[in-house]
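The structure appears right after this line, and notes come after that.
The values are calculated or read from the model by the stated rules, or taken from the named source; none is laboratory data. Because the structure is a prediction, the values reported are computed rather than measured. In this analysis, Cβ positions are derived from the backbone assuming ideal geometry, glycine residues included, and neighbour counts consider all displayed protein chains. Note: accessible area is taken over every heavy atom of the protein model, side chains too, but ligands, DNA and RNA are not part of it. Shrake-Rupley method; radii C 1.70, N 1.55, O 1.52, S 1.80 Å.
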Amino acid sequence: MNNKSTLKLLCFSAILLVFYNCNNDDDDDDILGNWVKKSSFNEEARSGSSAFTIGNIGYMGTGYDGDDYYKDFWSYNMDTNSWQQLSDLPGVARSSAVTFVINNEGYMGTGYNGDTNDELSDFYKYNASTNSWTQIADFGGSARYGTVGFGSDAAGYVGTGYDGSDKKDFWKYDPTSDSWSEIYGFGGDKRKDGVTFTIGSDVYLGTGISNGVYEEDFWVFNLETETWTELEDIDTDDDDYVKRSNAVAFTINGKGYIACGDYGGSTNTVYEYTPLSEEWVERTEFELYARRDAIAFGNGERAFVALGRNGTLYLDDNMEFFPTQAQDDDDN
């Protein structure tokens, strides 16, 4: 090959290399989102804890560390990046409880304690201003764990879960009468360990597992009309499914997010849901250990994912997610 031919070949190869690198850069730019390490939890690493948010304060408690169940209760201040221990949850220690918020009061109940009562049905209300708990009426359905819960200004809702078999019933709690009533209309599959996130007056429910099958159906519940509507299944354009169990979900600026969880093993993938287009888009993976049974705090503008486990490794870390930023290794 003469020098002229060799030069042409080298130039062509260089053009191909630049084209390839540009395409790869475009692919990388398509996946936005940055995770930033925050203050780790003060006490024992654990999974299966439960959490809710009031204002800029996240509240969490209970859980399991592979040996012991817990009933301690803590707050995380998003503004000061600090944890504070609060009054213990009454009743027995537990994991996989459910929570919701009604008019700035937190509620926690049900769950699992393998040492004594297995599935539980007791329920408690937390007053943040007095740091005190009040026992309320036991959950209206069967004792269970792995349920989903959400609240409005006037009521709380709890459904699905596991009581020895998978469930799909939903119950409404009225704080004025301190009573539960069953509500009808959910046409989805039975499941345990699903998730919900709330955008405005709509609560979106998906994921979970039933009889070893990861659920793909996706539903929205309107808090004003108390009706369920089925949406498109939770798959993405590249045929990579959002389906999983034991995940966390949260809302940031009108979009919903599902992160981490279990899909044949702990996962760290993150997906963003846009209600107007009903589309799922992959975002930057959770940047520490893949995990299941974590917790999430969120005030609608900020969101944090903490704790959980990967196999027998129990975790105490805490990360904040910024969905519109580019991924940066230097902040972890």
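Quick notes on this one:
- When nucleic acids and ligands are ignored and a 1.4 Å probe is applied, Asp118 ends up with an accessible area of around 60 Å².
- Leading residue at positive end of dipole, the chain (Cβ point charges), from Trp228, Tyr112, Asn246: Tyr112
- The residues of the stretch 74-191 expose, per residue, 40 Å² of accessible area to a 1.4 Å probe.
- Helical content alone sets the calculated 222 nm signal of the chain at -3000 deg cm²/dmol, taking -39,500 (n - 2.57) per DSSP H segment of four or more residues and averaging over every residue.
- Cross-link table Lys71/Lys243; Lys38/Lys243; Lys37/Lys71; Lys167/Lys243; Lys168/Lys243, entries beyond 21 Å C-alpha to C-alpha: Lys71/Lys243; Lys38/Lys243; Lys37/Lys71
- Relative packing of 173-184, 211-222, which averages over residues the other C-beta atoms within 10 Å, highest first: 211-222, 173-184
- Highest average packing first - 90-102, 128-140, Cβ atoms within 10 Å: 90-102, 128-140
- For the chain, Kirkwood radius (reciprocal of mean inverse C-alpha pair distance, Å): 20.7 Å
- Segment Asp202-Asp330, extension gain: residue separation times 0.36 nm, minus the distance between their alpha carbons: 42.4 nm
- Dipole in debye (nearest 20) - the chain, about Cα centre, beta carbon charges: Lys, Arg +1; Asp, Glu -1: 420 debye
- Rounded to the nearest 10 degrees, the angle from helix 3-30 to the longest Cα principal axis of the chain is 10 degrees.
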